[in-house]
Structures are given as structure tokens and as C-alpha cells.
């Protein structure tokens, strides 16, 4: 569902080292990027470019997979059969996105197992948004509307990312996300046209999700450590604050149409039509990234449980495949 | 919609559609419980896919049952406002997921039946049931292939997977007899060419099972005592818990549009 700007400064130092080692190749590489050419898996690339992308794509994949949990929490309780089927299909799509993205990350030389192990060991991150709980059915509408909406805002520019496999994965993912976003908005519209209780449920969900969704775009530009290299490499085309502002500008009229109130009494519209939001509580963001969000422990525990309890199944599949290969070899030899 | 149980006029045809709809919904619901928790991402996808097919089948069959009944029930009332004694599904499909082996053996037993059942039902004189059958047959063939491949992998995989698969077969076997049972109402539908006699499918079903199970180095139980009751609303204790979760929104917020 979502990739978040979480990289550290280490990338920049390594980038410079690589460049110094092989200035000619690096210059040629940068020239290709500047010419908007796509970099493909077998092409030469600086080690830091590979590392940055591996980290970003795998974080994105982990987010898709962990992101199945908060929505999956409502599959068994969806209020109608139509909603149940749509939600199940949506969560299944997220899983499919995770699979494409792991495949895209594998083209950079790390296996899915290594990447998943890093996540389960708590060494790799996933989007902070999935550490919040889904308490009511309106949360499912709100996630589709806002979380997928924010994801699209971030991922549309990634369709032009310099790394070919990631860019192509994003094209397909964005198509599905925009469908999810419309589906979420339609859930909200149904609630907002419903009973007072349903409207209150919708407002409550917006109240709880609004600020965490704004945090999805990552730290403010003034404190962001990593954007320069990613921008130079055309992995990132807009800053965190630019994307956040675009999202807010697109979302405010949608909330107004629903008759819901954005939980930001200080929000104003400036002369250019931009909706200016109040200061975001970055302490909360840092706490969630540090593992102290309301659901961090539950999410990791659920993923580890699935992984651990599934170990014997994966071992059985591997053992059977090996036996079968041996039998086929033996047969061929006869 | 109020939150009270609805009443259904269970004419033979309504009941016939309702029983198959309940099978599909309850099994689909069980499979959907795996979503996000499966042993590998490919199985999160596959089990969700099968669940979606089954929920789709349930929706068509509920809609048809409601139409035949001709009162103001619809797919959601039938799914969300009947209690455990009004549900008509097989005991097999309500059994808990257990481990992955239990889920796949349950699926294997059911899909090996559903595959040939729906194929035969394509010849039903009831145009709607024949149409549902034509779609469900294609889906069930894939479900059976998926489950069969897993039975072989688990049975012929490691000692642990073999033991788990055998335990699941032994545990679930007693719930398979109900698939082949027929009552008077269904017999009349069989005579009318609307339904097929499931008893005629048992030989084929058993051959499918034997072939796969023997390739998997597993064995079918000799025990032929079969549990019955699901078709008449006499369920295991598990179904009530499933329904309380499935129906919680409609029971808590009666009569609203979602």
C-alpha cells in the first residue's frame, strides 16, 4: 500500500565513495538518469543506488504485507456480503502488491527471505500508518479514502522512478490503489448519507486517522536527511512537504462533500487556494517509528506468528520438491 | 432490517439453494480467516481467491433462494439474520481452520465433491442452478487442483507434515458422509431433474480421494461412522461463534445501509 521516506544519511556517504571509485561509470550512470532513461537490473549502478532502492522497495513491500492486518481485521465482520467480498479482494490486492514489490527488490540482488527476515527481526521498517488500530467499520472506509489516497499521491511520481522494475510495478499498483481509494470513499459516502450513528462513526474515524495519514509523507523537508541523493537519482521527484500539501488540497473538498470536519481547527485556505494545516505532532511520529505506536507489537507478533507457524508448511513444500526432483532424475537415468 | 432472526419459508427448492449457499458462505468465511496469516504470501493469495469464489457462489444462491421464496428476504438477510439453528450447511465446512493441513484437507474433501457435483448440476432443469453450476464447476476444478497438490506435498513432504495431514484426514473424515445424504424434499427435486442425486457421485469422489491420498503416501480411514445434522440446523459448537462474528454489524446496528 505505501512507501514512506525513512532512509538514513548513511546512503549519501556511500554514494560519494562509490562515485570516487568509479567516476566514469558514475558519470555515465547519472547521464542516463538525467536523460530519463530507465535503469534495468543488469545495468551498472552505484552500490548506494542499489542499497537505497533495495531499502525503499522492501520497506514498501513490508508495508503492503503488514497493511493487510488492520484491514484484514474486518474481513470476517464486514456488514454485507458485497462489502465482505470487496474487502477480501482489496486485502488480497495488497498481498499481490507485496509480491510484485519483493520481486522488484529481488532484481537488485536480495532474496525475499532475507528481506522478510530483516522485517521480522525489526531491522527493516514499514509504514507507520499500519500501527494504528481499526476499531469500527468506518476505519475501513477511511483507510481506503485517506491511506490509499496518500499512497497514490506518493506513488504516482514513482511510476517515473529511474529504476525500471520499480516504476513498472508502481504503474500496476497505482491502478489498483485508485480503485481502492474510490471504494473507500464510497463506504464513507454511504455512512455519511446514513443514520446519525453512522455519520458519527465516519467523523470519529476521520478524527483518529487524519494526523497519522499526514505523517505518512515522512518528516518535514527542513529535517529530512536523505532527499538530495534520491532526487538526483530520480527516485524521488517531489519533497515530503510538497506531496503532503497536494494531498491536503485534494482531500479537503472531499471531506466537505461528505459533510465531515477535518480535525484541525487552525486550518486555513491561503490566497493561492492551498489549505494550510497546523503543526504536525512529530513526537508521535517518532514514537510510532520507534516501536511505540498503539499496534506495533501486535503487528509484528501477527507476522512472526504466521511465519513461525507456517515454517513446517514451507519445509514440507521444499522437501517434497527435492524428493520429486530426485525421482525425476532417477527416472531419467533409467 | 431489524436485528431479529428472519423467518424463511423453506420449500424444497428454497431449502436446496439455501443449503448450498450456506456451504459456500461458511467455507468462504473460514478461508478468509487466513488472509494475512497464511504460511506464505502465495497462500494468502490462493486461499483468499478461493474464499472469494465461494462467497460469490453463496451470493448467487442466496439471491436465488430469496427470489424463489418470494418474500422480502435478500442475500444479506439470509446471511446475517439467521441463527445457528437456521443455518443449513454441512458440518464439514464449519470446522475450524486448525493448522494448514486441516484447512487443506477440509478443502480437499469438499472440493473433490463440489467439482463433480457442480459439473453434474450443469444439466439441471432449473436454469438458474444450471448457470450457477457452470460458473462454480470451473472454480471448483481449480480449488480441487490446489488442494490436491497440497495434500501430496504435505503427505509426501516431511515427517511432521505427513503426521499433520494424516491427523487432519482422520479428524475430518466423519464429516464427509453428509455430502451424499438426501432427504424427501431433495428426492422430489431429483425426480424433477432440478437436482442430482449426490449418492451417485460417491464412487467418483472416493476414487479422486484415493488417488491423491495414495500419491501423498497417506491413508483414508476405515471408520464409516458419519456425523449428521448440519442440513437440519444441528451444528457443532463452532458455528455459533463464527456467526456471532459474521453477523455482529447487522445485529448491532439493525436496519441500516452499509
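The values are calculated or read from the model by the stated rules, or taken from the named source; none is laboratory data. Everything numeric here is computed off the predicted structure, so don't read it as measured data. When we count neighbours, we look across all protein chains shown, and the Cβ atoms used for this are built from the backbone with ideal geometry, even at glycine.
Which ranges mark the helices (runs of 4 or more DSSP H) fully within the range A:132-225 that have 2 or more residues being free of Cβ contacts under 8 Å to residues at least 24 places away in the same chain?
Filter on the range A:132-225 gives A:164-192, A:196-215.
Going by the structure shown, is residue A:243 within 30 Å of residue B:38 (Cβ to Cβ), part of a helix (DSSP H, G or I), more than 14 Å from chain B (Cβ to nearest Cβ) and within 26 Å of the chain's Cα centre (by Cα)? Don't jump to the end; show me each part of the working.
Numbers: within 30 Å of residue B:38 (Cβ to Cβ): no; part of a helix (DSSP H, G or I): yes; more than 14 Å from chain B (Cβ to nearest Cβ): yes; within 26 Å of the chain's Cα centre (by Cα): yes.
No.
Limited to the range A:103-117, what total is found for residues that are loosely packed, with under 14 Cβ neighbours inside 10 Å and in contact (Cβ under 8 Å) with a residue 40 or more places away in the chain?
Of the residues in the range A:103-117, 1 are loosely packed, with under 14 Cβ neighbours inside 10 Å and in contact (Cβ under 8 Å) with a residue 40 or more places away in the chain.
Given the options B:153, B:234, B:164, name the one that is more than 27 Å from residue A:85 (Cα to Cα) and under 20 Å from the mean Cα position of the chain (by Cα).
Numbers: B:153 fails: under 20 Å from the mean Cα position of the chain (by Cα); B:164 fails: under 20 Å from the mean Cα position of the chain (by Cα).
Checking each option against the conditions leaves just B:234.
Which count do you get for residues in the range B:68-105 that are in contact (Cβ under 8 Å) with a residue 40 or more places away in the chain and assigned to a helix (DSSP H, G or I)? Before the answer, list the steps.
Taking the range B:68-105 first, the residues in contact (Cβ under 8 Å) with a residue 40 or more places away in the chain are B:68-69, B:71, B:73, B:76-105.
Going one step further and asking which of them are assigned to a helix (DSSP H, G or I), we end up with B:68-69, B:76-80, B:84-86, B:91-94, B:100-105.
Of the residues in the range B:68-105, 20 are in contact (Cβ under 8 Å) with a residue 40 or more places away in the chain and assigned to a helix (DSSP H, G or I).
Against the condition under 25 Å from residue B:155 (Cβ atoms) and modelled with pLDDT under 95, how does residue B:225 come out, does it pass? Walk me through it before giving the result.
Numbers: under 25 Å from residue B:155 (Cβ atoms): yes; modelled with pLDDT under 95: yes.
Spelling it out, residue B:225 is indeed under 25 Å from residue B:155 (Cβ atoms) and modelled with pLDDT under 95.
Mind telling me which of the residues A:104, A:85 ends up being modelled with pLDDT of 95 or more, part of a helix (DSSP H, G or I) and within 9 Å of chain B (Cβ to nearest Cβ)? It would help to see each step written out before you state the result.
Details: A:104 fails: within 9 Å of chain B (Cβ to nearest Cβ).
When all the criteria are applied, what remains is A:85.
Out of curiosity, is residue B:14 in a helix (DSSP H, G or I), at pLDDT 95 or above, touching a helix residue (DSSP H, G or I) at 6+ places or on another chain (Cβ under 9 Å) and more than 13 Å from chain A (Cβ to nearest Cβ)?
For residue B:14, the condition - in a helix (DSSP H, G or I), at pLDDT 95 or above, touching a helix residue (DSSP H, G or I) at 6+ places or on another chain (Cβ under 9 Å) and more than 13 Å from chain A (Cβ to nearest Cβ) - is met.
One residue is enough: does the range B:112-130 have a residue meeting the conditions surrounded by 18 or more Cβ atoms within 10 Å (Cβ to Cβ) and within 17 Å of residue B:235 (Cβ to Cβ)?
no
When the range B:35-51 is examined, which residues are found to be within 10 Å of another protein chain (Cβ to nearest Cβ), under 15 Å from residue A:89 (Cβ atoms) and either touching a residue at least 60 places away in the same chain (Cβ under 8 Å) or assigned to a loop (DSSP other than H, G, I, E, B) (or both)?
Going residue by residue through the range B:35-51, those that are within 10 Å of another protein chain (Cβ to nearest Cβ) are B:35-49, B:51.
Among the residues that remain, those that are also under 15 Å from residue A:89 (Cβ atoms) are: B:35-36, B:44-49, B:51.
Matches in the range B:35-51: B:35, B:36, B:46.
Among residues belonging to the range A:275-334 that are in a helix (DSSP H, G or I) and closer than 30 Å to residue A:256 by Cβ, point out the one that is nearest to the other protein chains (Cβ to nearest Cβ).
Step one: of the range A:275-334, the residues in a helix (DSSP H, G or I) are A:282-292, A:296-309, A:311-333.
Checking which are closer than 30 Å to residue A:256 by Cβ leaves us with A:282-285, A:288.
Working: A:282: 30, A:283: 30, A:284: 25, A:285: 25, A:288: 20 Å.
The extreme case among them is A:288.
Condition (residue is more than 14 Å from chain B (Cβ to nearest Cβ), farther than 30 Å from residue B:62 by Cβ, surrounded by 20 or more Cβ atoms within 10 Å (Cβ to Cβ) and touching a residue at least 12 places away in the same chain (Cβ under 8 Å)) applied to the range A:89-99: is it met by at least one residue? Step through it out loud before you land on a result.
First pass over the range A:89-99, keeping only residues more than 14 Å from chain B (Cβ to nearest Cβ): none.
Scanning the range A:89-99 turns up no residue that is more than 14 Å from chain B (Cβ to nearest Cβ), farther than 30 Å from residue B:62 by Cβ, surrounded by 20 or more Cβ atoms within 10 Å (Cβ to Cβ) and touching a residue at least 12 places away in the same chain (Cβ under 8 Å).
Are any residues in the range A:177-199 more than 24 Å from residue A:98 (Cβ to Cβ) and touching a helix residue (DSSP H, G or I) at 6+ places or on another chain (Cβ under 7 Å), and if so, which ones?
The answer is A:188, A:189, A:191, A:192, A:198, A:199.
What single numbered condition from (1) surrounded by 24 or more Cβ atoms within 10 Å (Cβ to Cβ); (2) at pLDDT below 95 fails to hold for residue A:61?
(2)
Can you tell me how many residues within the range A:60-82 are at the interface with chain B (Cβ under 7 Å from one of its Cβ atoms) and not in a helix (DSSP H, G or I)?
Total satisfying the criteria: 2.
For the range B:17-26, state whether one or more residues are facing chain A (nearest Cβ under 7 Å), buried (at least 21 other Cβ atoms within 10 Å of the Cβ) and either under 16 Å from the mean Cα position of the chain (by Cα) or assigned to a helix (DSSP H, G or I) (or both). Show your work before the answer.
The first filter runs over the range B:17-26 and keeps only residues facing chain A (nearest Cβ under 7 Å), leaving none.
No, there is no match, as no residue in the range B:17-26 is facing chain A (nearest Cβ under 7 Å), buried (at least 21 other Cβ atoms within 10 Å of the Cβ) and either under 16 Å from the mean Cα position of the chain (by Cα) or assigned to a helix (DSSP H, G or I) (or both).
Can residue B:58 be described as more than 12 Å from every other protein chain (Cβ to nearest Cβ) and crowded, with 23+ Cβ neighbours inside 10 Å?
In short, no.
Each row is one residue, and each column tells you yes or no for (1) over 19 Å from the mean Cα position of the chain (by Cα); (2) at pLDDT 95 or above.
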{"position": "A:288", "(1), (2)": "no, yes"}
{"position": "A:306", "(1), (2)": "yes, yes"}
{"position": "A:309", "(1), (2)": "yes, yes"}
{"position": "A:314", "(1), (2)": "yes, yes"}
{"position": "A:319", "(1), (2)": "yes, yes"}
{"position": "A:323", "(1), (2)": "yes, yes"}
{"position": "A:331", "(1), (2)": "yes, no"}
